[in-house]
Amino acid sequence: MYTIIYYDIDGNFIITDENTYARYTMSVAIMNSLELTQALIRCPSITPEDAGAIDLLTHHLTPLGFTCLTETFTESGTASVKNLYARLGNQGKNLCFAGHTDVVPVGDASAWRIDPFKPEVIDGVLYGRGVVDMKAAICCFIVAVAEYLKEHTLTHSISLLITGDEEGPAINGTKKMLALLAERGEKLDACIVGEPTNPLKLGEMVKIGRRGSISFNLTVQGVQGHVAYPLLADNPITILIAILHALKAHRLDSGTEFFQPSNLEITTIDVGNPTGNVIPAKANATFNIRFNDLHTPSCPQVLT
């Protein structure tokens with residue numbers, strides 16, 4: 001074991017051993033949490049696109065000593081998705097941080113104050129697509145590990161399980177990655193999910209679980225016709241609106257000790273009718289239910 005003498009980034013004179021120095025140099029090499037978050041946001045990873053996000057994380061995790069496994073899963077009818085499992089240490093219990101790098105579409109980009117994939121700090125607030133959900137959380141965890149390694153020798157294992165398939169159909173992501181890890185003999189003893197759960201300030205709320213999610217597509221068939229002759233047509237939009245109103249008016253439950261009431265939200269209504277004087281032949285809607293622990297995806301009372 002060699003003794004190493006150096007000045008740290010704060011100008012302090014340090015005498016230490018080679019292992020501690022190695023951990024120090026690796027942690028200095030990593031960006032701070034703001035810089036790393038901005039770099040990750042610059043990857044336009046609109047689900048299911050990766051856009052370099054997983055490779056960016058791997059680039060910063062490897063110098064810290066993480067062994068990185070990337071796996072791309074695919075399934076008929078779905079897009080291929082890149083996933084990452086990174087582990088540091090092979091001893092003790094394994095604390096895993098779970099997250100996702102994919103983001104939802106930006107909508108009307110011209111309505112943003114900035115380019116959503118060119119993050120900026122304005123009045124002390126970082127703006128960009130995916131800052132809250134949940135690129136900043138991933139980056140803060142990585143930097144926290146780097147800071148921990150400066151002062152501590154790892155006596156357990158730390159890992160990250162990151163997918164690019166959380167905002168989409170969630171078929172080629174975490175579920176398949178967990179199955180692969182089980183085949184490889186990997187065990188996750190505890191897991192932290194860095195989703196945004198704090199209403200107003202950091203540390204205000206810690207969740208013990210997550211609500212279920214189930215989406216529905218509803219199509220109403222009508223009879224096309226001219227608006228001047230409504231008696232010769234059957235307007236599916238009128239029927240669809242009535243059905244959606246009944247669904248929204250229905251109270252699913254009153255919540256539980258740990259979860260708020262289950263909730264139904266209409267997310268889109270589509271007719272595809274470019275002509276203003278024609279009653280369309282059909283109308284479509286999509287709605288989603290976030291349900292608490294009173295229900296399961298196969299539980300019939302969720303809509304009764």
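The values are calculated or read from the model by the stated rules, or taken from the named source; none is laboratory data. A quick note: this is a predicted structure, and the numbers were derived from the prediction, not measured. Note that we place each Cβ from the backbone using ideal geometry, even for glycine, and neighbour counts take in every protein chain shown.
For segment 219-231, name all the residues that are in a strand (DSSP E or B) and either polar (S, T, N, Q) or closer than 17 Å to Arg290 by Cα (or both). Result: Thr219, Gln221.
Could you pull out the residue among Lys207, Lys248 that is part of a loop (DSSP other than H, G, I, E, B) and either loosely packed, with under 12 Cβ neighbours inside 10 Å or basic (Lys, Arg) (or both)?
Lys207
Could you grab me the full set of residues in segment 171-197 that are surrounded by fewer than 18 Cβ atoms within 10 Å (Cβ to Cβ), among the hydrophobic types (A, V, I, L, M, F, W, C) and part of a loop (DSSP other than H, G, I, E, B)? Within segment 171-197, Ile171 is the sole residue that qualifies.
Would you confirm, using the coordinates I've provided, whether Leu200 is part of a loop (DSSP other than H, G, I, E, B), more than 21 Å from Ala285 (Cβ to Cβ) and of a type in the set (A, V, I, L, M)?
In short, yes.
Among the criteria (1) surrounded by fewer than 18 Cβ atoms within 10 Å (Cβ to Cβ); (2) of a type in the set (D, E, K, R); (3) within 23 Å of Pro48 (Cα to Cα), the one Asp165 does not fulfil is (1). Taking the listed residues Ser215, Ser159, the one that is part of a strand (DSSP E or B), surrounded by fewer than 17 Cβ atoms within 10 Å (Cβ to Cβ) and under 27 Å from the mean Cα position of the chain (by Cα) is Ser215, with no other qualifying.
Ile208 satisfies every condition listed in (1) out of contact with any Phe, Trp or Tyr (no Cβ under 7 Å at 6 or more places or on another chain); (2) farther than 28 Å from Gly107 by Cβ except (1).
Name every residue in segment 191-246 that is of a type in the set (Asp, Glu) and either modelled with pLDDT under 95 or farther than 30 Å from Val271 by Cα (or both), in order of residue number.
If we filter segment 191-246 for residues that are of a type in the set (Asp, Glu), which is where we start, we get 195, 204, 234.
Selection gives Glu195, Glu204.
When Thr275 is tested against (1) modelled with pLDDT under 95; (2) of a type in the set (Val, Ile, Thr); (3) in a strand (DSSP E or B); (4) over 26 Å from the mean Cα position of the chain (by Cα), exactly one condition is not met: (3).
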